[in-house]
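Report on the following structure.
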Amino acid sequence: MTRIDASQKTIPHLFAWRAALDPDSIALLVKRQKTFQQVTWRILEEDVLRAIDLLAQTGVAAGKRVVQIAENRYEWIVADLAIQSLGAVHVPLHATLTPVQQAAQGIDSDPCCILLSTLDELNSKTLTTHFHSLPMVTFAECNEPGVIQWPAALSHADAERGRVLRDAWLDQVTPDTVATILYTSGTTGEPKGVVLSQGNITSNAWATARVFADQEEEVRINILPLSHIFARTCDMYVWLARGAQLALAESRETIVDDCQSVQPHLLNGVPYFFERTIRTLHGLGIADQPGILQKAFGGRLRMCCSGGAPLPDAVFDYFAGQGIPLLQGYGLTETSPVITVNAPNASRRGSVGLPLADVEVRIESDGEISARGPNVMQGYWRKPAASAEVLQDGWFATGDIGHVDNDGYLWITGRKKEILVTAAGKKIAPALVESLLNQDPLIAQSIVLGDDRKYLIALIVPDTDQLQARLEANGLPVDAWTGPVLNGAVQGWYEQAIRTRLENLSRYEQVQKFCLLTQGFTIETGELTPKMSLRRAIITSHYRDRIEALYAS
């Protein structure tokens, strides 16, 4: 059942309302034992009510913080809704962070309880050393003394006690009540805890749902981590607002198979995912087949939405050519997250769309984008100075540079803090140059550098499938690019690719020198954030010798 009723202004009210509308309809599709099983709203609500009772017994109460470290799973959703329905503050940490990073963020939030997904996290000495005095709940079965096992404990919890607690909180919670603390990825500095209220999140979910209100939707599939605000609002809370079915993909490796099983109508993703999909189809030699993209995603896909990073025009064009709109949006953790979005009936290639109905956008004198609306955060957790730096009179300074065209569409041209200033004083947005380079089939990833230097250089991660295919076609060994001196033919291919991709940029925005890397930038090496943004300082540190060689040669 799809019904838009924005009078539900908090997550507990929204969930209670949605569960009561049509309790026996399907809410979730959850993969268990390699098969997607249906979960109704009634079953989901009963599990949430039992989880409320369970968490209350561990000391969780209104205003207290609960840290959760888990990959996407059914228990993640149940735990979040239970935490919200108790009035506690959910602090989900990215499962891909190192234990040291998780411990630092967990300590900063001052939690009352820790929810862990796997025994690996439970056995982490870093985590247990810092949180040994706190109640620990694990979603996995274990025999560790003092650790609460979620499955067993949930089976003994009382749903009616949970309902009493939930109903009492429904009379107290307001849109200003703190709902969650989310730690930023920290691309340029120490991660900060973003404090979002109930009203911040629900207003953004309702406004986003309205953009797509005319689109029929039965099944959306979640492939992004729910610990990130993009998936949490645009998959989970928009799902609550619309009342459709939400399927949880098992993992990144199973997405294609999962789409074949659930045949989704909508999918949210980051540009990296959509680029990787196209590269995979090219690698199989089937990318040019009509309808192949629709077939890969299960046959019923009506649209995809992209966020988290700039969407290359070539990716947009490929999806459009395959008959699937790929709609780019824009936002930040601090804005819950959506500021602007392209709609099915109002889309402009290359832009990040129009502002949501309740969000204002303005461009400051230096080109920085500011936003104001009910979605803007309350501030950074226990960091008043940092909060005051970006919040003024309700306006949030995004740190992004852009412009608004005559029709109101927003265009992003770079990051204020990532603007390079060359030795000649020229200001360059590296993200723009990188997005153009990454459109070439031979290039999987790139980073452009040149701050205080005479010219730009690039570290390039080749698309190994494309490169090896070209090497074989030219009778060259597949490892001709991995030695200390780049093969002349390979050098020429990449020089030509760089010239072609950057031909419309100014002279000082051209990449003068480059080197090829034998491994990609990853989350595991710390070179990418969980939303796949480049951590420039870390990459620069890892490849300092290569960088200096490019400037010395």
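The values are calculated or read from the model by the stated rules, or taken from the named source; none is laboratory data. Note that the coordinates shown come from a computational prediction; the quantities given were computed from them, not determined experimentally. Here the Cβ is made from the backbone with ideal geometry for all residues, glycine too, and neighbour counts use every protein chain on show.
A few points about this structure:
- Considering segment 321-339, the residues that are of a type in the set (Gly, Ala, Ser) and touching a residue at least 12 places away in the same chain (Cβ under 8 Å) include one that is farthest from residue 232 (Cα to Cα), namely 323.
- The one condition in (1) under 21 Å from the mean Cα position of the chain (by Cα); (2) of a type in the set (D, E, K, R); (3) not assigned by TED's automatic domain parsing to the domain that holds residue 533 that residue 434 fails to fulfil: (3)
- Options 49, 28: the member that is surrounded by 22 or more Cβ atoms within 10 Å (Cβ to Cβ) and either modelled with pLDDT of 95 or more or not in a strand (DSSP E or B) (or both): 49
- All positions within segment 470-481 that are loosely packed, with under 15 Cβ neighbours inside 10 Å and either part of a loop (DSSP other than H, G, I, E, B) or of a type in the set (Val, Ile, Thr) (or both): 474, 475, 477, 478, 479
- For the criterion of being touching a Lys or Arg at 6+ places or on another chain (Cβ under 6 Å) and under 18 Å from residue 59 (Cα atoms), residue 85 passes.
- For segment 513-548, the candidate set comprises residues that are of a type in the set (Val, Ile, Thr) and over 21 Å from the mean Cα position of the chain (by Cα); within that set, the residue that is surrounded by the fewest Cβ atoms within 10 Å (Cβ to Cβ) is 518.
- Residue that is modelled with the highest pLDDT, among those in segment 413-430 that are touching a helix residue (DSSP H, G or I) at 6+ places or on another chain (Cβ under 7 Å) and of a type outside the set (Gly, Ala, Ser): 430
- Residue that is over 25 Å from residue 419 (Cβ atoms) and of a type in the set (Gly, Ala, Ser), where the choices are 458, 469: 469
- Members of segment 5-25 found to be in contact (Cβ under 8 Å) with a residue 24 or more places away in the chain, part of a helix (DSSP H, G or I) and not β-branched (Val, Ile, Thr), listed by number: 12, 13, 14, 15, 16, 18, 19, 21
- Those residues of segment 367-400 which are assigned to a loop (DSSP other than H, G, I, E, B) and either out of contact with any strand residue (DSSP E or B) (no Cβ under 7 Å at 6 or more places or on another chain) or closer than 20 Å to residue 229 by Cα (or both), in sequence order: 373, 374, 375, 376, 377, 378, 381, 382, 383, 393
- Annotation for segment 397-416: no member residue is closer than 19 Å to residue 198 by Cβ and surrounded by 14 or more Cβ atoms within 10 Å (Cβ to Cβ).
- Hits in segment 403-412 (condition: assigned to a strand (DSSP E or B) and either at pLDDT 95 or above or hydroxyl-bearing (Ser, Thr, Tyr) (or both)): 403, 404, 410, 411
- Residues that are touching a residue at least 12 places away in the same chain (Cβ under 8 Å), assigned to a loop (DSSP other than H, G, I, E, B) and surrounded by fewer than 16 Cβ atoms within 10 Å (Cβ to Cβ) within segment 347-366 comprise 349, 350, 357, 358, 364, 366, listed in sequence order.
- Considering residues of segment 204-222 that are more than 13 Å from residue 29 (Cα to Cα) and in a loop (DSSP other than H, G, I, E, B) only, the residue nearest to the chain's Cα centre (by Cα): 212
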